[in-house]
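Where a number appears in this text, it was derived from the coordinates with a stated rule and is not lab data. A quick note: this is a predicted structure, and the numbers were derived from the prediction, not measured. Every residue, glycine among them, receives a Cβ derived from its backbone with ideal geometry; neighbour counts consider all protein chains shown.
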Amino acid sequence: MLNKNNLLLLFLLLVTAGFSHAQPNTGKIATNLKWSERMAQSIMKNNPEPWMIEFSKQPVWSYPHGLVLHGFEKIWRQDQKKNQHYFNYIKAYADKLIDEKGNIKTYDATNFNIDMMNSGKILFNLYEVTKEEKYKIAIETLRHQMKWQPRTTEGGYWHKLRYPWQLWLDGAYMGSPFLAQYGKTFGDKTAFDDVANQLMLMEKHLRDANTGLLYHGWDESRLQPWADPQTGRSPHFWGRAMGWYAMAIVDVLDFLPQDHPKRNDVIGILQRMAPALQKYQDAKTGLWYQVVDQGSREGNYLEASASSMFVYALAKGANQGYINKSFRQAAEKGFKGLTGHLIKVQPDGEVNLTQVCAVAGLGAGRDGSYEYYVNEKIRTDDPKGTGPFVLASLELNK
C-alpha cells in the first residue's frame with residue numbers, strides 16, 4: 001500500500017518525467033549524440049532563454065534567432081515526442097516577441113529591413129501545431145512588408161530602406177525561403193514568381209564569369225563608394241554572403257512547385273555555383289576562407305560560418321539530386337574540417353565553434369575592401385555559424 005511519502009515521491013517522479021524534455025540541458029552533454037544535437041544542446045546550455053542567442057542583452061526580433069531555431073525545428077521533426085524540448089524552446093522565442101494580438105515586438109516595418117523575414121519561418125510550424133492566431137497575424141505582417149519592399153528597376157528587393165538600389169547576397173536567404181514557404185502554405189503563386197526572380201537577378205548582377213563566385217553586393221545606381229563605376233559590384237567575394245545565397249537556393253527548392261517555369265533556372269544557379277565552391281575549397285582542411293578566392297593572402301583565415309553554409313548547401317543539393325552526387329564528398333570533407341579544426345569540446349561535453357566572423361556589410365563606413373573583411377571581429381559560437389553547423393550536420397546525418 002502507498003503511504004503519504006510514497007505518494008509524494010510518485011508525484012515528483014511523474015512531474016519530472018513530464019518536464020524532462022521541456023527544459024534546456026544545463027548538465028553534461030553526451031558525446032555519443034550526433035553533432036547536430038551536441039551543438040543544439042550547447043546552444044541551449046549557454047542561452048537558457050532563446051532570445052539570448054545573438055549575445056543579446058534584451059529580447060529582439062532578429063534573423064540569427066530564426067537561423068538557429070530553424071535547425072532546432074528540423075531536429076524536433078526527427079522525433080517530435082522525444083525532442084519536445086526543442087519545440088518548446090522555439091515557441092518560447094516566438095511568445096517572448098509576439099503578443100496575443102500578433103504584434104511583433106521591436107519590429108518596425110517602415111525600416112524595410114529584409115533581415116526581419118528570416119525568423120518568420122519558425123511561425124509556420126508554430127501556427128500549424130498550435131492553431132494560435134497570433135502566429136498567422138505575425139506571418140501576414142511580414143508578408144505585407146515584402147509586398148511593399150522597395151525594389152530595383154528590375155524588381156530586386158533592396159536590402160534595407162537605408163541601402164537604396166542595392167542587392168546583397170545576404171538578403172536572398174533572409175527573404176526568399178520565408179516567401180517561398182508562405183507561397184506554399186497559403187497558395188500565393190505570386191510569391192513563387194518573386195522568389196525565382198530575386199535569385200536570378202542576384203546571379204545576373206553578382207556572378208563573376210571567370211571564377212564562378214559571386215560578389216557581396218550590387219548597387220544599381222553606382223552611387224555607393226564601394227560600387228564599381230562600371231558594374232556596380234562590390235570588390236570582393238565574402239564567404240558568408242555566398243553561403244547565405246547557396247542556402248537560400250536549396251531551401252527555396254523545398255517549396256517552389258515542381259512545375260514552376262523557373263524551377264530549373266534556380267537549380268541551374270546551384271549547378272554553376274557548386275563547382276566554383278569546390279574549386280576554392282582548401283585542399284588541406286576542406287574549409288573555406290573569409291575572402292573566398294584569396295586564401296594565400298596575409299590576414300585571411302578559414303571561416304566557420306561560410307564553411308558550414310557551403311557544407312549544408314552542397315550536401316542538400318547532392319542529396320536532393322540538384323547537383324552531382326560527387327559534391328557530397330566535398331561536403332563530407334568540409335564537415336570533417338569543421339569538427340577537426342574549428343570545433344572545441346569542453347570537459348562537460350559542450351561544443352564550441354570557433355573562427356566565426358561576427359558581422360560584415362557594405363556602406364556606413366564599411367568599404368568592402370579586403371582589409372575590411374579580414375579585420376572584422378571574430379567570435380566563438382556566433383549563431384551565424386552555429387545555426388548552419390546544425391543544419392550541415394543534419395543534412396549529412398552526422
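Counting only alpha carbon atoms, the long axis of helix 239-252 and the longest principal axis of the chain meet at about 70°. Rounded to the nearest 500, the helix-only mean residue ellipticity at 222 nm of the chain stands at -16000 deg cm²/dmol, with each DSSP H run of n ≥ 4 adding -39,500 (n - 2.57). Projecting the Cα atoms of Leu362, Ala330, Asn375 onto the dipole axis of the chain, where Lys and Arg carry +1 and Asp and Glu carry -1 at the beta carbon, places Ala330 farthest toward the positive end.
The Cα-based radius of gyration of segment 31-396, divided by its Kirkwood radius, gives an Rg/Rh of 0.94.
Applying 0.36 nm per residue to the separation of Ile378 and Arg272 and subtracting their alpha-carbon distance, the gain on full extension is 35.2 nm. Counting charges near Lys134 (Lys, Arg +1; Asp, Glu -1) among other residues having Cβ under 10 Å from its Cβ returns a value of -3.
Highest mean first, the peptides 220-232, 370-382 sorted by other C-beta atoms within 10 Å per residue fall in the order 370-382, 220-232.
Counting only Cα atoms, segment 140-219 measures 41, 26, 19 Å along its principal axes, largest extent leading. Within the same chain, lysines fewer than 8 places from Lys101 are excluded, and of the rest, those with a Cα less than 20 Å from its Cα are Lys91, Lys121, Lys131, Lys134, Lys136.
Rounded to the nearest 20, the Cβ-based charge dipole of the chain about its Cα centre (Lys and Arg +1, Asp and Glu -1) stands at 820 debye.
Computed extension gain for Val359 through Gln80, at 0.36 nm per residue and net of the alpha carbon distance, reaches 97.1 nm.
Considering only Leu126, Pro275, His236, and ranking their Cα positions along the charge dipole of the chain that arises from unit charges at the beta-carbon of Lys, Arg, Asp and Glu, the one farthest toward the positive end is Leu126. Let me know the shape class of segment 319-398, please: from the alpha-carbon gyration tensor, a ≥ b ≥ c as square roots of the eigenvalues, rounded when a/c is under 1.5, otherwise prolate if a/b is greater than b/c, or oblate. Note, shape of segment 319-398 comes out oblate.
Against the longest alpha carbon principal axis of the chain, how many degrees, from 0 to 90 and to the nearest 10, is the axis of helix 327-337 turned? Approximately 60 degrees, to the nearest 10. Of all aspartates and glutamates in the structure, those lying under 19 Å Cα to Cα from Lys284, and not within fewer than 8 positions of it along the same chain, are Asp293, Glu298, Glu303, Glu332. Placing dummy labels 7 Å off each Cα toward the beta-carbon, the span from Gln230 to Gln320 is 3.6 nm. Counted residue by residue at 0.36 nm each, then reduced by the alpha carbon distance between them, the extension gain from Lys28 to Asn264 reaches 80.3 nm.
Grab the beta carbon distance between Glu54 and Glu133, set R0 = 35 Å, and tell me the FRET efficiency rounded to 0.05. For R0 = 35 Å, the calculated efficiency reads 0.80. Approximating the spin labels as points 7 Å out from Cα along Cα→Cβ, the Asn111-to-Gln329 distance works out to 4.6 nm. For the chain, the longest principal axis of the C-alpha atoms and the axis of helix 63-78 are separated by about 50°. Across the chain, C-alpha contacts under 8 Å between residues 6 or more apart give a mean separation that, scaled by the residue count, equals a relative contact order of 16 percent. The phi-based Karplus calculation (6.51 cos²θ - 1.76 cosθ + 1.60; θ = phi - 60°) puts the 3J(HN,Hα) values of segment 162-168 at 7, 10, x, 6, 10, 9, 10 Hz, whole numbers, x for Gly and Pro.
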